[in-house]
Amino acid sequence: MSFGAYFFLAVLEGTVSAFVLALTALGLSLVFGVMRVVNVAHGELFMLGAVIAWWVSQMAGDPLSGFLLALVVGPLLVGGIAIAADWAILKRVDYNPEATIVATIGLLYIIQQSVLILYGPDARAVEAPFYFRVQFPWFGYSGYKLIVAALSAGLLLATWYLLKKTRLGLYMRATQYDQETAQAFGVPVRRVYAAVFALGGGLAALAGVLVVPIQQAHYLMGHDPLLLSFIVVIIGGLGSLRGTLIAAFVIGISDGVISVFFSPTLAKILATLLVALVLVVRPGGLFGAKPA
Amino acid sequence: MLTVEALSSHYGSVQVLRDFSLALAPGEVLGLLGRNGAGKTTAMKTILGLIRASGGSVRLDGVELTDLPAHRIPALGLAYVPQGRRLFGELSVEENLRLGLMVKDKGKETRARILDLFPVLSERLGQRAGSLSGGEQQMLATARALCLEPKVLLMDEPTEGLQPSMVAKILETVRVLKGQGVAVLFVEQKVEAALAVADRIAFVENGTVCETATPEALHADPAPLYRYVGVGQDAG
């Protein structure tokens, strides 16, 4: 294959990764932006989505119905777990930023070890719901991966619609800006927090459901999405949704290109160096609030 | 209408309000005056449930408010114009107003009436609230609160940092509300502005209402102004 073909393949791979990463990081960014909670357990919610997809695929008759069912059951179950965690843990520590970091580290291990006990240590494959290849002039490419990108784009648009066009979205944005004044205008801030934590978890779970036919489900699979989401959210600016999306595409596509031409490890090293650079030059992130 | 009795509240272990009492009738305008740190803003926030009361009661038309979560109080008829406006600056003017309208699911008629009162906002509906001028921001903060069609409006330093024409506009708005039977409780640093619009002035010191007087009585004998606000000490 020519350099151009390789480059196109790398960009394609990177774009698919970017869409999934944007979905995962958007959940983390929303939770931080509205609740000021750094959810260290976010990657485990991604992993739960993947494990639930495997579980549902075992019960469903065929891969397509398993996949469609998982797209509904995954985010609902994980969203429910997130609401329970909000009520049982975050609310108890009064959403104190430092305490919630420690609390979500605890949640990370609780979820991870529970999955290890119930699901086991093995990586398990989930059959893709569709098998077709899109033929480009230089190579054929997985149709399922393109559908993952399209579904992720649809979910990102749906999240944008929720935030910009609905009452709940307006409540979320008002709470993000000033939770005390929001309460003075009838916004049930605690319920908004629970909804945001559920939405963040649900988005991560959806990303997990979408990637499991590509990656396999494993109880330790939450680490990479967590690290990449933090990279994206820090570069984009904590709490900035626009910044999160832009950073997800910068990191996702550059990760794809560097991984194809050099190595995935180099891609992670460069992304981490970029985070360090952003933290030094612009601690609030490229699109976050400038420090006072 | 609004009755506050023996209200107390704390910041951590520090008691800020103690035995704070006042009453407001429909259409009455009550000004709270006092030095910085006297507890005026804390009193407003405690009445609104934004700071939890540690004792006493706040009743609006007989309904006890101190038992309710803060977000349920606005729908009962208490609206708030915070100190420093505290608009949702990243949201548009329209969205700020919509938050007010959603409290009681008020629709187009209320919105149109509010925009008639503040016509300049009609031209700025799509603009980011944070990009408005200081006077426009104060108008929006007031309009947002009026979208609730409140029985009682609480205004914390509504004329702070405004030019004289805007101060006059805000005071005129208070008079219009009074004419509509809305009770107004406001904190004010500009004594003349407070005396111009209030039916009564309550002086706050050390978290409690020490004395109340009418503007006429204060014009005749300004001693409480010297005592609680420090106004005219040199002249006295």
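Among the helices of chain A, those built from whole DSSP H runs whose Cα atoms reach 27 Å or more along their own axis and whose mean Kyte-Doolittle hydropathy is at least 0.0 are A:3-35, A:63-85, A:97-119, A:143-165, A:189-215, A:241-261. The residues of segment A:79-185 expose, per residue, 53 Å² of accessible area to a 1.4 Å probe. Inverting the pair-averaged 1/r between distinct Cα atoms of segment A:20-222 gives 17.6 Å as its Kirkwood hydrodynamic radius. Averaged over peptide A:182-195, the number of partner chain Cβ atoms lying within 10 Å of each residue's Cβ comes to 6. Packing order of peptides B:15-24, A:104-113, highest average first: B:15-24, A:104-113 (average count of other Cβ atoms within 10 Å over each peptide's residues). Count Lys and Arg as plus one, Asp and Glu as minus one, and take only other residues whose Cβ is under 13 Å from that of B:Thr110; the net charge is then +3. The interface between chain A and chain B buries about 2000 Å² of solvent-accessible area in total (1.4 Å probe, ligands and nucleic acids excluded).
Taking the accessible area of segment A:20-222, probe 1.4 Å, and keeping the other protein chains in place, the carbon and sulfur fraction comes to 66%. Using the Cβ atoms and a cut-off under 12 Å, what net charge is assigned to the surroundings of A:Ala174, where Lys and Arg are +1 and Asp and Glu are -1? So the surrounding residues net to +1.
Just the protein heavy atoms count here, and of the accessible area of segment B:92-236 at 1.4 Å, carbon and sulfur take up 50 percent.
With 20 Å as the limit, write out which pairs from B:Lys169/B:Lys190; B:Lys45/B:Lys178; B:Lys106/B:Lys151; A:Lys165/B:Lys108; B:Lys104/B:Lys151; B:Lys45/B:Lys151 have Cα-Cα distances beyond it, or answer none. From B:Lys169/B:Lys190; B:Lys45/B:Lys178; B:Lys106/B:Lys151; A:Lys165/B:Lys108; B:Lys104/B:Lys151; B:Lys45/B:Lys151, over 20 Å: B:Lys45/B:Lys178. Once both labels are positioned 7 Å from their Cα atoms along Cα-to-Cβ, the gap between B:Asn36 and B:Val63 label points is 3.7 nm.
The charge dipole of the protein assembly as shown, taken about the Cα centre with unit charges on the Cβ atoms of Lys, Arg (+1) and Asp, Glu (-1), comes to about 740 debye, rounded to the nearest 20.
Summary of the geometry: segment B:1-29 and segment A:170-228, compared by the centres of their Cα atoms, lie 39 Å apart. Dividing the summed helix terms, -39500 (n - 2.57) for each DSSP H run of n ≥ 4, by the number of residues in chain B produces a 222 nm estimate of -9500 deg cm²/dmol to the nearest 500. For the pair segment B:170-224 and segment B:61-128, the centres of their Cα atoms are 24 angstrom apart.
The distance from the alpha carbon centre of segment A:71-98 to that of segment A:22-38 is 13 Å, rounded to a whole number.
Residues of segment B:64-92 that bury at least 50 Å² of accessible area once all protein chains are present, compared with their chain alone (1.4 Å probe, heavy atoms only, ligands and nucleic acids left out), are B:His71, B:Arg86, B:Phe88, B:Leu91. Each peptide in B:151-160, A:28-37 was scored by the mean count of other Cβ atoms within 10 Å over its residues; highest first, the order is A:28-37, B:151-160.
What a 1.4 Å probe finds exposed on segment B:1-43 is 52% carbon and sulfur by accessible area, rounded to a whole percent.
Working note: Cα gyration tensor of the protein assembly as shown, eigenvalues times five, square-rooted, sorted largest first, giving semi-axes of 55, 23, 20 Å.
The values are calculated or read from the model by the stated rules, or taken from the named source; none is laboratory data. Source: prediction; values computed, not measured. Heads up, the Cβs are rebuilt from the backbone with ideal geometry, glycines too, and the neighbour counts pull from every protein chain shown. Each accessible area value is taken on the protein alone, full model and side chains, heavy atoms only, with ligands, DNA and RNA left out. Shrake-Rupley method; radii C 1.70, N 1.55, O 1.52, S 1.80 Å.
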